[in-house]
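Scroll down for the structure; my scribbles are underneath it.
The values are calculated or read from the model by the stated rules, or taken from the named source; none is laboratory data. Predicted model, so just to flag it, every value in this text is computed and none were measured. In this analysis, Cβ positions are derived from the backbone assuming ideal geometry, glycine residues included, and neighbour counts consider all displayed protein chains. Areas reflect the complete protein model, heavy atoms only, side chains present, ligands, DNA and RNA absent. Shrake-Rupley method; radii C 1.70, N 1.55, O 1.52, S 1.80 Å.
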Amino acid sequence: MTERFDVVIIGSGLGGGTVAHTLSTTAASILIIERGDFIPQEAENWSPHAVWGELRYRTTERWLDGRGKEFLPYTHYCVGGNSKFWGSVLYRLRREDFGELQHLGGISPAWPVTYETLAPYYDRAERLYSVHGEDGLDPTEPPREPFPYPPIEHQGRIAVVVERLRELGLHPSHLPLGLLRPGEPDGCILCDTCNSYPCKLRAKSDADVCGVSPAIEHDAVTLWTNSYAERLLTNGAGNKVIAAEVVRDGESVRVEASLFVVSCGAVNSAALLLRSASSAHKDGLANSSGLVGRNYMAHLATMLGGFMPPRHDTVFQKTVAINDYYLRGPDADYPLGQIQSQGRSNAVIAKAGGPPAARRVPAWAYNAWFARGVEWLAMSEDLPSPDNRVTLTSDGRIQLQWEALNAEAHRELVAVTRRLLRKAGFWYVLPISLGVVNTTHQCGTAVFGTDPTTSVLDTWCRSHDVDNLFVVDASFFPSSAAVNPGLTIVAQALRAADHIKDTHLRGR
Ligand SMILES: Cc1cc2nc3c(=O)[nH]c(=O)nc-3n(C[C@H](O)[C@H](O)[C@H](O)COP(=O)(O)OP(=O)(O)OC[C@H]3O[C@@H](n4cnc5c(N)ncnc54)[C@H](O)[C@@H]3O)c2cc1C
Ligand code: SF4
């Protein structure tokens, strides 16, 4: 069977959902191909047993690590992609992140665009994703217009800690959060099951709610769920994609289009391009640079549990960031990264997400700890290396080779965070390393740039090699920075979509 559309978008996450939303107002016929399905609104959305114990919404696919050992990637295949499960922390990269930065572990390369290029798209992205925040508090904040919505206030225990951090001379700021109508009757209720859970109320700003669902209200936009894009096929010269081979509900379908937008997530987009090798593209589609799949990055992240009696009943505690050490540490002239408070944890998460020994600790002990605890995240920049890469095994499985390059700076950030939280009143601060390959903030596998020999995509995220192929997920990141990637994916997807409107869809 063959179908034909003007534009095919593969993947309905942040990149794909945002492009679909922007192009939905044109006259072009658009097909979104998504391998997963909608996440149903159901009681299990907010059940730690379902989400963490049974991994109800997680992929069951296993990837291989660099040694060939299987692991379960922390990723979700569904409409909206991983944004259905995110904490909705929607940061702009810092202005410095766009330039070259010397880190302890090596160089973070410059981007081919400046902060000023992306700033108007960040403004739009924040409006589209209803971002709440307060400007003027964060010492690393780039120049910006005020946030579209006021900040989510610090509650109970977090408000106390914020005051103590200020007394210590630090500059705690509000996390920028994408939440819909908090406090209003049909809006977000600021619950304690946000990060890692889907929102039962559809009140979280995610790519389904803010991108795909409004887009498919337009007659010209079609969504195929449970549809897996296996390969992209080109013309004989190899400079145009002519069709995608798709398995839809078990049946093979050929989908032809004039324009193809790939947004499968940084690992799966690289895998799709590598799977699409042909006589015209022997090392993988759009891979004349040899960089498809290389320079895989994910943040270096450590959770920390802080213990501070007495018990507290703060429900929504993911509201504060400490960016004082983002560009340099207290005793160092190099960047360390960011510290954020996290959503409340519980015994189910601790047992399911922790190392094997964690399962032997009784639930009551965890619950006693978490009733008096606040969870934190220390996050440092990962650096690009061509040896950290996505490849395919001979039987087509995904293999992810990754070693941390900036680990020393991250250890320093964790040590600084522990000291700081102790000074702020926590009795104990326990770092919890999950010891698994981090795939949540994946990026870098099809880097953008101006030189086709050192980049896969041009600065609009169009392939240098193939005229009608765009890749709009976090694959394009030349560096990972140390803030959450989502808003930057959305901003660049908006920019790429505008470019598509002005060029490939001009006049439609
Ligand atoms: C628990 C968790 C919390 C997070 N919290 C934050 C946060 O607070 N802030 C932030 O900025 N980031 C956060 N992230 C990261 C963020 O969610 C991702 O960076 C972002 O969602 C990536 O978007 P994407 O569109 O690039 O890829 P994805 O979300 O991975 O979307 C890709 C889509 O493509 C589909 N797909 C893949 N392969 C194929 C194929 N071959 N055919 C058809 N469809 C395909 C997938 O099913 C998926 O829907 C978090 C991630 C997780 C897991
Ligand atoms: S109600 Fe608000 S805090 Fe709770 S999951 Fe939904 S968006 Fe997150």
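Summary table below
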{"read-out": "Cα→Cβ-extended label distance, 7 Å offset, between L55 and E217, nm", "value": "3.7"}
{"read-out": "Where only C-alpha atoms are counted, convex hull volume of the chain per residue in Å³", "value": "140"}
{"read-out": "Prolate/oblate/rounded label for the stretch 1-155 (Cα gyration tensor, a/c 1.5)", "value": "rounded"}
{"read-out": "Long-range Cα-Cα pairs in the stretch 452-508 (distance over 14 Å), rounded percent", "value": "56"}
{"read-out": "Length-normalised contact order of the chain in % [C-alpha pairs under 8 Å, at least 6 apart]", "value": "23"}
{"read-out": "Viscosity 1.002 mPa s, 20 °C: Kirkwood-radius Stokes-Einstein D of the stretch 368-508 over Cα pairs, µm²/s", "value": "118"}
{"read-out": "Highest-first arrangement of 388-398, 328-338, where packing means the average Cβ count within 10 Å", "value": "328-338, 388-398"}
{"read-out": "Sequence-separation-based contact order of the stretch 334-478, relative, with Cα cut under 8 Å and 6+ spacing, percent", "value": "18"}
{"read-out": "Approximate shape of the stretch 277-343 as ellipsoid semi-axes (Cα gyration tensor, √5λ), whole Å, largest first", "value": "43, 19, 9"}
{"read-out": "Over the stretch 68-197: Kirkwood hydrodynamic radius from C-alpha pairwise inverse distances, Å", "value": "17.4"}
{"read-out": "Using alpha-carbon coordinates, inclination of helix 266-275 to the longest axis of the chain, degrees", "value": "30"}
{"read-out": "Cα convex hull volume per residue for the stretch 382-452 (Å³)", "value": "139"}
{"read-out": "Ordering of 95-102, 190-197 by burial proxy (mean other Cβ atoms within 10 Å per residue, highest first)", "value": "190-197, 95-102"}
{"read-out": "Using a Förster distance of 41 Å, the FRET efficiency for E245-D502 (Cβ separation, nearest 0.05)", "value": "0.85"}
{"read-out": "Accessible surface of the stretch 97-249, 1.4 Å probe, proportion on carbon and sulfur as whole %", "value": "50"}
{"read-out": "Lysines whose Cα lies under 24 Å from that of K501, excluding same-chain neighbours fewer than 8 positions away", "value": "K240"}
{"read-out": "Fully extended contour minus Cα-Cα distance, from S252 to A352, at 0.36 nm per residue", "value": "32.3 nm"}
{"read-out": "Cα-only radius of gyration and Dmax that characterise the stretch 136-232, units Å", "value": "18.7, 57"}
{"read-out": "Contour excess over end-to-end distance, with Cα ends at D467 and A119 and 0.36 nm allotted per residue", "value": "122.6 nm"}
{"read-out": "Segment A43-Y428, length gained on full extension (0.36 nm per residue, minus Cα span)", "value": "135.1 nm"}
{"read-out": "Ranked packing of 56-69, 243-256, most packed first, by mean Cβ within 10 Å", "value": "243-256, 56-69"}
{"read-out": "Shape of the stretch 249-371, Cα gyration tensor, a/c cut at 1.5", "value": "prolate"}
{"read-out": "Per residue solvent-accessible surface (Å²) - the chain, probe of 1.4 Å", "value": "38"}
{"read-out": "Per-pair calculated FRET efficiency, R0 = 45 Å: K282 and I189 via Cβ, rounded to 0.05", "value": "0.25"}
{"read-out": "Cα-based Rg and Dmax for the stretch 313-386, where Dmax is the largest Cα-Cα distance (Å)", "value": "16.0, 47"}
{"read-out": "Cut-off 14 Å (backbone N to label point 7 Å along Cα→Cβ of E403), residues of the stretch 104-144", "value": "none"}
